[in-house]
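Working notes for the structure below.
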Amino acid sequence: MSEEIHFASAREIVHRIRARELSAREVVRAHLDQIERTNPQVNAIVTLVAERALEQARDADDRLAAGADVGPLHGLPVAHKDTHATKGIRTTSGSPIFADLVPDADELVIERMRAAGAITIGKTNVPEFAAGSHTFNPVFGLTRNPYDLSRSAGGSSGGAAAALACGMHPVADGSDMGGSLRNPASFCNVVGFRPSPGRVPSWPVPAGWSTMGVQGPMAREVADAALLLSVLAGPDPRSPIALETPGSAFAVPLDRDVAGLRLAWSPDLGGRAPVDPAVTGVLEPAVKAFEDLGCSVEEACPDLSGADEVFRTLRAWHWDLALGPLLDERRADFKPSLAGNIDAGRTLTGTDVGRAETLHTALFHQVREFFGRYDALLLPVSQVPPFDAAIEYPGEIAGHPMPDYLEWMRSCFLVSATGCPALSVPAGFTQDGLPVGLQIVGPHRADLAVLRLGHAFEQATRHGTHRPAIA
């Protein structure tokens, strides 16, 4: 029964709880058992609140028995990303500076998940301040890939992705500036969705008008990611960029005939993102699945000129704004790569930021015109398969040196700069058995269309059903 529960879809679990076929207590216990069995090997969940979760499960069962209205996530156990503030539960951001921080309030995405009936079981591991796409920090250490424990689980939502792959929870919240929802999903054979800016409002944040960093859902199936998005999305007066579309717009069936869609396939973004042949070796045959579904596929890439400067400038500006004062006080407690990024933000002038914003606007129109010809863009999520967990980032890809910890993530961060919704969906495995994800990018605010296309690919290929041996 436990195995049946911890790899069931979120939608099935919710249905069975509502139908009284399962109790919330049974569901929570099954996931706690799976955490006890698998987490020591991967270090995905770093703060566990088992007794609190069981108490919430008892309350959930009592409410259902009393005939109370219940939310769309009623009884689902979830461990939240350790950069997302959780009232009464330690939230460290992977930094020794906040190793003992216990927030006195939930941030907005946690508010929404709890109001929808989710049961908090703990927190998932992150890189320090969610900077970088490899999950390790001095507080909790390294998260390992469930498919090969010597490899990286990706990041910054690496703990969430590894926990999903191992059946520790059915859905997860994450965040993404340069690939933090998509890269770990690719590395761990799960689904990660970067929604359009404003689709999931964020609060509190220091720069509410910024569009580079977003929060969004992860799951083992696209439909479960859509279920969580239906809870996370929707307007909120505390966010100045929140989109007005209600979350209920995503609580719809994703089945759709995709025949006739015009798709662009770009293995390396026009030469801007060198890719390991092991990745393209998996994705090139995977892309043919869309042709079998009746789509037309041709190799093409949008004009992404300026995207690199936009991302790097606005990201450095963000880190200086968010962490500059803290760096002055505690520089020794920052990893060198992050400290260097904050320092880069401090060298920026108003002219630099203004130029980035001008390029950002031009990029919007370049991509808008591209999607006048194509319904979606297909490309690699990660330029490499999961790499050696002992290194911070790959030093080279296909003979091209990677000068810093961002360069190897170009296939994700160039997409971030466009503001387009982007989905990572399992696409197969290398000859070494390492997961590879396909990235599906849609026009601005076409979140539902991207989810539907990803769902069609997932149902046709079923790569996401291959579980790691340790699970």
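The values are calculated or read from the model by the stated rules, or taken from the named source; none is laboratory data. Just so it is clear, the model here is predicted, and its values are computed rather than measured. Cβ coordinates were reconstructed from backbone atoms using ideal geometry, including for glycine residues, and neighbour counts include every protein chain displayed. Note: areas computed on protein heavy atoms with side chains; ligands, DNA, RNA excluded. Shrake-Rupley method; radii C 1.70, N 1.55, O 1.52, S 1.80 Å.
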Within the stretch 50-69, considering residues that are in contact with a helix residue (DSSP H, G or I) (Cβ under 9 Å, 6 or more places away or on another chain) and of a type in the set (A, V, I, L, M, F, W, C), the one farthest from Ile119 (Cα to Cα):
Ala68
Quick count over the stretch 361-375, residues being assigned to a loop (DSSP other than H, G, I, E, B) and surrounded by 12 or more Cβ atoms within 10 Å (Cβ to Cβ), is 3
Could you list, in sequence order, all residues of the stretch 25-78 that are over 30 Å from Glu128 (Cα atoms), touching a residue at least 40 places away in the same chain (Cβ under 8 Å) and in a loop (DSSP other than H, G, I, E, B)?
Val70, Gly71, Pro72, His74, Gly75
Scanning for something in a strand (DSSP E or B) and either of a type outside the set (Val, Ile, Thr) or modelled with pLDDT of 95 or more (or both), does the stretch 400-407 turn up at least one residue?
yes
So which residues in the stretch 68-93 are open to solvent by less than 10 Å² (accessible area, probe 1.4 Å) and either of a type outside the set (Val, Ile, Thr) or at positive phi (or both), if there are any at all?
Leu73, His74, Gly75, Leu76, Pro77, Ala79, His80, Lys81, Asp82, His84
Among (1) free of Cβ contacts under 8 Å to residues at least 12 places away in the same chain; (2) under 26 Å from Gln215 (Cβ atoms), Gly395 falls short only on (2)
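For every residue, the table says whether it meets (1) touching a residue at least 24 places away in the same chain (Cβ under 8 Å); (2) within 29 Å of Glu309 (Cβ to Cβ); (3) open to solvent by 30 Å² or more (accessible area, probe 1.4 Å); (4) more than 16 Å from the chain's Cα centre (by Cα).
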residue	(1), (2), (3), (4)
Leu359	yes, yes, yes, yes
Val384	yes, yes, no, yes
Phe413	yes, yes, no, no
Pro426	yes, no, no, no
Which numbered condition Asp404 misses (of (1) open to solvent by 40 Å² or more (accessible area, probe 1.4 Å); (2) free of Cβ contacts under 8 Å to residues at least 12 places away in the same chain):
(2)
Which one is surrounded by the most Cβ atoms within 10 Å (Cβ to Cβ), of the residues in the stretch 332-357 that are hydrophobic (A, V, I, L, M, F, W, C) and in a loop (DSSP other than H, G, I, E, B)?
Phe334
By residue number, the members of the stretch 166-218 that are out of contact with any His (no Cβ under 7 Å at 6 or more places or on another chain), under 21 Å from Ile5 (Cα atoms) and either free of Cβ contacts under 8 Å to residues at least 60 places away in the same chain or among the polar types (S, T, N, Q) (or both) are Pro217
Candidate set from the stretch 237-268 (those that are part of a loop (DSSP other than H, G, I, E, B), more than 14 Å from Val171 (Cβ to Cβ) and touching a helix residue (DSSP H, G or I) at 6+ places or on another chain (Cβ under 6 Å)); member that is most open to solvent (accessible area, probe 1.4 Å)
Arg256
Please determine, by comparing only the residues of the stretch 394-436 that are touching a strand residue (DSSP E or B) at 6+ places or on another chain (Cβ under 9 Å) and of a type in the set (Val, Ile, Thr), which one is farthest from Arg452 (Cα to Cα).
Thr430
If Asp224 satisfies every condition in (1) under 13 Å from Pro380 (Cβ atoms); (2) open to solvent by less than 60 Å² (accessible area, probe 1.4 Å); (3) among the charged types (D, E, K, R) but one, which is the exception?
(1)
What tally of residues in the stretch 449-471 results from selecting those that are under 26 Å from Asp375 (Cα atoms), open to solvent by less than 40 Å² (accessible area, probe 1.4 Å) and not charged (D, E, K, R)?
9
Taking the residues in the stretch 94-139 that are touching a Gly at 6+ places or on another chain (Cβ under 7 Å), part of a loop (DSSP other than H, G, I, E, B) and not polar (S, T, N, Q) as candidates, determine which candidate is most open to solvent (accessible area, probe 1.4 Å).
Val102
